[in-house]
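First the structure, in the form of structure tokens, and then the observations on it.
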Amino acid sequence: MTDEEATAEGLTAEDAFGLLGNELRAEIMRVLGESPHEGLSFSELRTRVDEGVDSGQFNYHLQKLVGPFVENTDDGYVLRAPGLALYRAIRSGAFNRRVTVEPFDAGFDCYFCSTPVEASYDDGSFRLVCPGCDHLFASTMLPPSAVSEADETELLARVDQYNRHQMLVASRGVCPICVNPMELEFVPSEEVWSEGSERLDVFVHWGCDHCGRQQYMTVGLALLYHPALISFFYEHGVDLTSVNHWELEFVLSDEHTTVRSRDPWEVAVAVTLEGLTLELVVDEELNVIETNRY
């Protein structure tokens, strides 16, 4: 149901979220969320939530949820897609938990000053920062569940794969938040306001006009899943999809990037392994127009 449809039915987005301000309704959502594919009858749902609750009172609160978050099907009550999404967001701890992970060694040295880079997590943000020159290599918004019960190695691997997912979707022109189209453009680093942007030459930028999502990345990062690059690493015994991407210099620095032209944009990224070099040249639409080996 869109915001416009909700408003037309007399239920705004604010009203919908306000429904969960009641403890009994929140518990109904939790029980249904734990069995998302199992329809529960009224009596079964009431038993699992709190069989001591008066039947009439329980039905009153349940019916408040039917429509916005819950559906009464032939198989019983189930969460609708918005209800399931909200349940999972609550389970992630995004709304009600705060976790802090003190800085620890991220396993690679800064590409600008050679100081060991540190990883940390606080207030929903995972960061990779060089304590020597303060360069910010990554800043990712993650729910507390992402770092719960994970040791340092596992946390780094989780964040790497999550970031890869977000960036791969964006680099295919699809917004990872609202699944609307994203527009691509090359942006000179001097036009980008972010920590450490001055150390790079150019960014690839995707913007979503629907939800406002903005994604900036290096050209090397934008090419991370190009078949020629993946196969080049595989030929040298490296699975590029499983290496923490920040451990790849061509991904988080422009040391191996050459801007050949700015109007129109033409950029080359060269990667060397065991004395052999693969060079990918892209145009302003990020199409690979040259593949060179030497």
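Computed over segment 254-294, the P(r) tail beyond 12 angstrom holds 56 percent of alpha carbon pairs.
To the nearest 0.05, how large is the calculated FRET efficiency for S197 and E235 if R₀ is 41 Å and r is the Cβ-Cβ distance? Let's see the in-between values first.
Details: r = 33 Å, r/R0 = 0.82.
Efficiency, rounded to the nearest 0.05: 0.75.
Taking the Cα centroid of segment 152-221 and of segment 87-127, what is the distance between the two, rounded to the nearest whole Å? Here the two parts' Cα centres lie 18 Å apart.
Under a 5 Å amide H cut-off, with hydrogens placed 1.01 Å from N, L142 pairs with S125, F126 among residues at least 5 apart or on other chains.
Count Lys and Arg as plus one, Asp and Glu as minus one, and take only other residues whose Cβ is under 13 Å from that of R30; the net charge is then 0. The phi torsions of segment 181-195, fed into the Karplus equation with coefficients 6.51, -1.76 and 1.60 and a -60° offset, translate into couplings of x, 10, 9, 9, 7, 8, 10, x, 4, 5, 9, 10, 9, 7, 5 Hz, rounded to whole numbers, with Gly and Pro shown as x.
Distant-in-sequence amide contacts of V202, defined by a placed amide H-H separation under 5 Å and a gap of 5 or more residues or a different chain, comprise S189.
For F108, the amide hydrogen comes within under 5 Å of the amide hydrogens of V117, counting only partners 5 or more places away or on other chains and with H modelled in the peptide plane. Ellipticity at 222 nm from helices only: DSSP H runs of n ≥ 4 in the chain, each -39500 (n - 2.57), divided by the residue count, give -9000 deg cm²/dmol.
So what's the net charge close to C110: Lys and Arg +1, Asp and Glu -1, counting the other residues with Cβ under 11 Å from its Cβ? Don't skip to the end; give the middle numbers.
Numbers: positive: R199; negative: D109, E118, D134, E249.
With Lys, Arg at +1 and Asp, Glu at -1, the neighbours total -3.
Loop-located chymotrypsin sites (Phe, Trp or Tyr not before Pro) in segment 131-220 (DSSP state not H, G, I, E or B) with no more than 14 neighbouring Cβ atoms inside 10 Å: W193. I need the Debye-formula profile for segment 16-131: one equal scatterer per C-alpha, no solvent, reported as log10 I(q)/I(0) at q = 0.13, 0.15, 0.19 1/Å, two decimals. Normalising to I(0) and taking log10 leaves -0.59, -0.68, -0.92.
Rg/Rh for segment 221-293 to two decimals, with Rh computed the Kirkwood way over all alpha-carbon pairs. Intermediate values should be presented prior to the final figure.
Values: Rg = 12.0 Å, Rh = 12.6 Å.
Rg/Rh: 0.95.
Taking θ as phi - 60° and the Karplus parameters 6.51, -1.76 and 1.60, the scalar couplings of segment 140-154 work out to 10, 7, 9, x, x, 4, 5, 10, 5, 6, 10, 6, 4, 5, 5 Hz in sequence order, x denoting glycine and proline.
Bear in mind that the values in this text are calculations on the coordinates, not laboratory data. The shown structure was predicted, so the numbers you read here are calculated from the model rather than taken from an experiment. Positions of Cβ are generated from backbone atoms using ideal geometry, with glycine treated the same way; all protein chains shown enter the neighbour counts.
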